[in-house]
Amino acid sequence: MTHDSTPAAASSVTRFGYTQAMERSTGRFASFAVAFAFVSIATGIFTTYGSVLNSSGPLGIWTWPIVVVGQLAVALLLGALAARIPVTGYAYQWVSRLANPVFGWITGWISFTFLAIVVIAVDYTVASTVVPALFAFEGTAATAFAITAVVLVLQALLIGLSTRWTERVNNFAVTAELVGMVALVALLLIVGVITHRLSTDNLFSHGAVPTEDYWSFGDATAAGPWMLAFLLGAFTIVGFESAANLAEETKRPEVVVPRAMWQAVLASGVLGFLFLLVVTAAVDDPVALAESGTPIADVIVDVLGTFVGTALLVLVAVAIFACGLVILLTGVRLVWAMSRDERFPAWQLLGRISPRTKTPLNATVAMTLISAVILGLFSTSTDALFKLFGAATLLPAIIYAITVGLYIAKRRSLPASAGFDLGRWEWPIIAVAVVWLVFELSLFRDASFRDPWLYLAVMVAIGAAYLGYLLATRGREGLRMPDMRSIDAELEVS
């Protein structure tokens, strides 16, 4: 028997028991833009830089390159899976087919809980810090709630009504972020050198953080000061795998998606570190800056003036909107993928594609409402932003650890991919990814992450109840995937 090995056949979802339900129109840049927008260095650095100044001082920025190397290794391993299983649902699909559908469902549910809260964490940033700074008013919990809700609805309207326009908006935002960040780095460097505003001493300053036990790993319930700085990169350099969740809408996904993932991590890592270096060198007083709610904007205004500072806030607002847009888009696709397999609550409605918009409209409405409920639960908290970002950093680390662990366990049974192959670098990459993920997860023993762990426990309990219902009414056989054939068999000529 001879199998069709053309790109069209390689990308076909019929190999996995599905029919093509959505248009396959996403190209290379759009796929990269999805991965880059989710990572969004402008969003991550603007949001967490102040926390690093308080927990670790300016010296904490040197954790960034280590995080980038670790996450790049993870991205390469996940890319190897994305090339083999180019199906919407990413980690849910990968784990279901590498292990079993029950474990896959659990991973899919954890992924859903991550996406549902991280979209609120991102949108809440623009509402609680960027918009008040841009329009010079004192933000409150009520105004942050209202602005976040409006932003969420706007993102949902775009996703629900047109995938093509969603991609166009995101492509524009990513282009603006890339150009804007490069311009800011260049301007800060040039102006800083000319005006003698750059201080290399800042790059090695502890700020207001005591030097005693600064490098300590900490104890059973607390991470050391420098260790906490890893959360700057750990929160920012995530979500690159979102490109894989649009696999069924991407042209040649087995080639395009893995490339988009590692390129997004590398581009974000290099550009983000250059930005951190020049911003930190340009700080006038690290101790005073740590008390600011918008330290990045303060540095830009101080060095480049009010006009550029305002332009930065606009850039950050655009980047954050695009980041939230892609996160919501990713969550919608996951809900739709699990519903298509009849494995998500209300799957009868959520697994449909709107004949008019050609989008998972019902899944869009559901994901938006669920995220709105989470917003309501966190909106009265005085430190809502930290709790949201804590959960949004913990959950992807767990998802990555599960997926990488299964990749290691099943690597010998995976046929060579026709789209993306790690070759002789596979084991070194695996070693780096494992060391990084074990270290990253150890940071969340810190007592400040109690609420994120509580959120995870509550959502897992809800998921366990629904999984129990599925097993009781259908049995394990009722949770099988549509087609469990060999991943790459159809790509090869036999």
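The values are calculated or read from the model by the stated rules, or taken from the named source; none is laboratory data. These numbers were taken from a predicted model, which means no experiment stands behind them. Cβ atoms come from the backbone with ideal geometry, glycine included; neighbour counts cover every protein chain shown. Quick note on the areas: whole protein, heavy atoms, side chains included, nothing else; ligands and nucleic acids left out. Shrake-Rupley method; radii C 1.70, N 1.55, O 1.52, S 1.80 Å.
Numbers at a glance
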quantity: Every pair of residues 6+ apart whose Cβ atoms lie under 8 Å, when the first sits in the stretch 37-51 and is under 12 Å from ALA267 (Cβ atoms) while the second is open to solvent by 10 Å² or more (accessible area, probe 1.4 Å) and in a helix (DSSP H, G or I); calculated: ILE41/LEU271
quantity: Scan of the stretch 286-305 for residues that are part of a loop (DSSP other than H, G, I, E, B) and farther than 15 Å from ALA208 by Cα, ordered by number; calculated: GLY293, THR294, GLY305
quantity: Tally, over the stretch 334-379, of residues that are in a loop (DSSP other than H, G, I, E, B) and open to solvent by less than 30 Å² (accessible area, probe 1.4 Å); calculated: 9
quantity: Pair list, Cβ under 8 Å, 6 or more apart: the stretch 16-31 residue open to solvent by 70 Å² or more (accessible area, probe 1.4 Å), other residue of a type in the set (Gly, Ala, Ser) and part of a loop (DSSP other than H, G, I, E, B); calculated: GLN20/SER12
quantity: Flag for GLY331 being buried (at least 19 other Cβ atoms within 10 Å of the Cβ) and assigned to a helix (DSSP H, G or I); calculated: yes
quantity: In the stretch 262-277, residue nearest to THR175 (Cα to Cα) [restricted to those that are crowded, with 21+ Cβ neighbours inside 10 Å and of a type in the set (A, V, I, L, M)]; calculated: ALA264
quantity: Condition check for ALA243: in contact with a Phe, Trp or Tyr (Cβ under 6 Å, 6 or more places away or on another chain), open to solvent by less than 10 Å² (accessible area, probe 1.4 Å) and assigned to a helix (DSSP H, G or I); calculated: no
quantity: Among the candidates ASP285, ASP302, ASP298, residue that is in contact with a Leu (Cβ under 7 Å, 6 or more places away or on another chain) and open to solvent by 10 Å² or more (accessible area, probe 1.4 Å); calculated: ASP298
quantity: Which numbered condition LEU76 misses (of (1) modelled with pLDDT of 95 or more; (2) surrounded by 24 or more Cβ atoms within 10 Å (Cβ to Cβ); (3) of a type outside the set (Phe, Trp, Tyr)); calculated: (2)
quantity: Residue that is modelled with pLDDT of 90 or more and touching a Lys or Arg at 6+ places or on another chain (Cβ under 9 Å), where the choices are ILE462, ILE430; calculated: ILE430
quantity: Residue match in the stretch 275-294 (condition: of a type in the set (S, T, N, Q), over 16 Å from TYR49 (Cβ atoms) and modelled with pLDDT of 95 or more); calculated: no
quantity: Some residue of the stretch 372-384 being at pLDDT 90 or above and aliphatic (A, V, I, L, M); calculated: yes
quantity: Every pair of residues 6+ apart whose Cβ atoms lie under 7 Å, when the first sits in the stretch 85-97 and is touching a residue at least 12 places away in the same chain (Cβ under 8 Å) while the second is of a type in the set (Val, Ile, Thr) and assigned to a loop (DSSP other than H, G, I, E, B); calculated: ILE85/ILE487; GLN93/ILE85; GLN93/VAL87; TRP94/ILE85; ARG97/ILE85; ARG97/ILE487
quantity: Residue match in the stretch 408-421 (condition: open to solvent by less than 70 Å² (accessible area, probe 1.4 Å) and under 30 Å from GLY218 (Cβ atoms)); calculated: yes
quantity: Selection count where residues are part of a helix (DSSP H, G or I) and open to solvent by 10 Å² or more (accessible area, probe 1.4 Å), scope the stretch 246-256; calculated: 2
quantity: Residue match in the stretch 53-71 (condition: surrounded by fewer than 23 Cβ atoms within 10 Å (Cβ to Cβ) and out of contact with any Gly (no Cβ under 9 Å at 6 or more places or on another chain)); calculated: yes
quantity: Count - residues of the stretch 443-472 that are open to solvent by less than 60 Å² (accessible area, probe 1.4 Å) and touching a residue at least 12 places away in the same chain (Cβ under 8 Å); calculated: 14
quantity: Condition check for ALA173: more than 30 Å from ASP446 (Cα to Cα), surrounded by 12 or more Cβ atoms within 10 Å (Cβ to Cβ) and free of Cβ contacts under 8 Å to residues at least 40 places away in the same chain; calculated: no
